[in-house]
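Data block below; observations after.
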Amino acid sequence: MSYIPDPDRYDGRMPYRRCGRSGLMLPAISLGLWHNFGHDTPHAVKQAICRTAFDHGITHFDLANNYGPPPGSAEEAFGAILRDDFRGLRDELIISSKAGYEMWPGPYGEFGGRKYMIASCDASLKRLGVDYVDIFYSHRFDPDTPLEETMQALDTIVRSGRALYVGLSSYNSRRTREAASILKDLGTPCLIHQPSYSILNRWVETDGLKDTLADLGIGSIAFTPLAQGILTNKYLNGIPQGSRASQGKSLDPGVITPEALASVRALNDLAAARGQTLAQMALAWVLRGGGITTALIGASKPEQVADCAGAVRNLDFTPEELAAIDRIAEEPAVNLWVRSAELD
C-alpha cells in the first residue's frame, strides 16, 4: 500500500525552532539513521520508522556516509524511501549527511582531507539519489589536516550546489571557534553543530561549547540524548536481547551495572511523576530553555518514534526537578560525563 502522509502533521504538535541565526527551522525532534538502517534490519521496518516520524512532524533525517552496516547502506535505504515513500516531498524534508570516519581503505578514505570530503559527498548523493543534501558535516576534527583545508572543502561543497548548509560534529569549543571563523571568512557560515549531549553526558557544558554556539549564533543538534537507550525503559530490568548493549554495537554492556540501573530507575520515577516516559523526560531536559535546537533520536521500531515525539508536550522543569536530576546524574555509577576521544 502506498504511503499517504498524515494531513495533520503540521498541526502544531511538533514545534520548529530556528537554527542559530539562519533562516532554517528544524523540528524539536529529529530522526537519526545511525543504527537500524543497515542490512541487519528489514526494509519494511525502516519504512515504518520514517513514515511515523514524518507523520509526527519530524522533517529532519540525519545520516552519514558510514552508517549501516555495511557502511553506505543507511543512505541507500533512505534513498529507496525517498523514491518509494517520500516521492514528491523533497521540499518538505531536511536531509543531512557527514564525512570523517573511515569509509573505504587506503589513505584517502577518512578524516578531513579535501579529496576525501568531496568524494564522500559525491558518493552520498549517489546513494541517496538526490542532487543535494540540506546539511553536510565534517563528522570529526582531523588533527593532521589543516583546519583551513577541511573548511575549504565544506565551502566548495556548498558553492558547487552539493549542499545548502554545512556543519560540524564533535568539535570542542576552541576548534569550533576556529572552524566557524574560517567558514565566515570564506562566506559559508557554519549552520549547526552536532555534539553528544544527555543527562548523563554533559561535556558541552563543561567544555563551554553550548555557550560558544549561542555566542556565535550556530544552531545545535544533540546526538545520543537518550544515552544510546540507557535513558529509556529498555534497560530498567537489565540488558534485553536485541538491544545495542547485547549486540555490542556502540554501547558497552559494562556500563549497565546494578548501581547504574538503580540510578536510571530513580530517573524513571521522576519522569513518571511528571507524566512522561523516561525517554520523553530525557529529551525534554536536553531541549529545556531553548539552548539546543533539536534532539536527534534513533529508533528500532515506529512506536519509539511516537513516544519520543511526545516529549515536546512538556519541556518545562521546576528547579526541584532539575536539582533531583543533577543529583542522580552525578552519582559515579551512572555518570557518563566523559569527553569523546575525537575532541582535541
task = Quickly rank 139-145, 200-206 as a protection proxy: mean count of other C-beta atoms within 10 Å, highest first.
result = 200-206, 139-145
key: By average C-beta atoms within 10 angstrom, highest first, the peptides 88-95, 178-185   = 178-185, 88-95
note = Which residues qualify? For GLY68, with a placed amide H closer than 5 Å and at least 5 residues away or on another chain, they are ALA74
query = What percentage of the solvent-accessible surface of the chain, computed with a 1.4 Å probe over protein heavy atoms, is contributed by carbon and sulfur atoms?
reply = 51 percent
ask   = For ALA214 and ALA306, what is the calculated FRET efficiency with R₀ set at 41 Å and r taken between the beta-carbons, to the nearest 0.05?
value = 0.85
request  = Treating cross-link reach as a plain straight distance, find the lysines whose alpha-carbon is under 24 Å from the alpha-carbon of LYS46, omitting any fewer than eight places away in the same chain.
outcome  = LYS98, LYS126, LYS234, LYS249, LYS301
ask   = Label ARG265 and LEU236 with points 7 Å out from Cα along Cα→Cβ: what is the distance between them in nm?
value = 1.1 nm
key: Compactness relative to 2.2 N^0.38 Å, alpha carbon Rg of the chain   = 0.95
key: Helix-only [θ]222 nm of the chain, DSSP H runs n ≥ 4, -39500 (n - 2.57) each, per residue, nearest 500   = -11000 deg cm²/dmol
query = What nm distance separates the two modelled labels at ARG159 and MET25, each placed 7 Å from Cα along Cα→Cβ?
reply = 3.2 nm
query = Taking amide hydrogens as modeled 1.01 Å from N in the peptide plane, which residues meet the under 5 Å criterion relative to ILE94, leaving out close sequence neighbours?
reply = HIS60, PHE61
query = To the nearest 0.05, what FRET efficiency results for GLU331 and ASP40 with a Förster distance of 45 Å applied to their C-beta separation?
reply = 0.85
inquiry  = If I stretch the segment between GLU102 and LEU322 completely, what's the gain in nm (0.36 nm per residue apart, minus their alpha carbon distance), one decimal?
reply    = 75.3 nm
remark   = One finds the C-alpha centres of segment 63-83 and segment 155-214 to be spaced, in Å, by 24 Å
message = Let me check something: with ligands and nucleic acids excluded, how do TYR235, TYR132 order by accessible area (1.4 Å probe), largest to smallest?
response = TYR132, TYR235
Per-residue HN-Hα couplings for segment 115-122 [Karplus 6.51, -1.76, 1.60; θ = phi - 60°; Hz; x = Gly/Pro] = 4, 5, 4, 6, 4, 5, 4, 4
request  = Could you list the residues of segment 53-67 with an amide nitrogen less than 13 Å from a label point located 7 Å from the Cα of ASP11 in the Cα-to-C-beta direction?
outcome  = 55-57
query = Out of residues 5 or more away from VAL166 or on other chains, whose amide H comes under 5 Å of its own, with H placed 1.01 Å from N in the peptide plane?
reply = PHE136, LEU191
note = Going residue by residue through segment 151-156, the Karplus relation 6.51 cos²θ - 1.76 cosθ + 1.60 with θ = phi - 60° gives ³J(HN,Hα) values, rounded to whole Hz and with x marking Gly or Pro, of 5, 5, 5, 4, 4, 4
message = Over the chain, with the other protein chains present, what is the accessible area per residue in square angstrom, probe 1.4 angstrom?
response = 41 Å²
query = Whole-Hz Karplus ³J(HN,Hα) for segment 60-73, in order, using 6.51 cos²θ - 1.76 cosθ + 1.60 and θ = phi - 60°, x for Gly and Pro?
reply = 10, 10, 10, 10, 8, 4, 9, 6, x, x, x, x, x, 6
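The values are calculated or read from the model by the stated rules, or taken from the named source; none is laboratory data. Nothing here was measured: the structure is a model prediction, and the numbers come from that model. Counting neighbours? That spans all protein chains shown, and the Cβs are built from the backbone with ideal geometry, glycine included. What goes into the accessible areas is simple: the full protein's heavy atoms, side chains included, and nothing from ligands, DNA or RNA. Shrake-Rupley method; radii C 1.70, N 1.55, O 1.52, S 1.80 Å.
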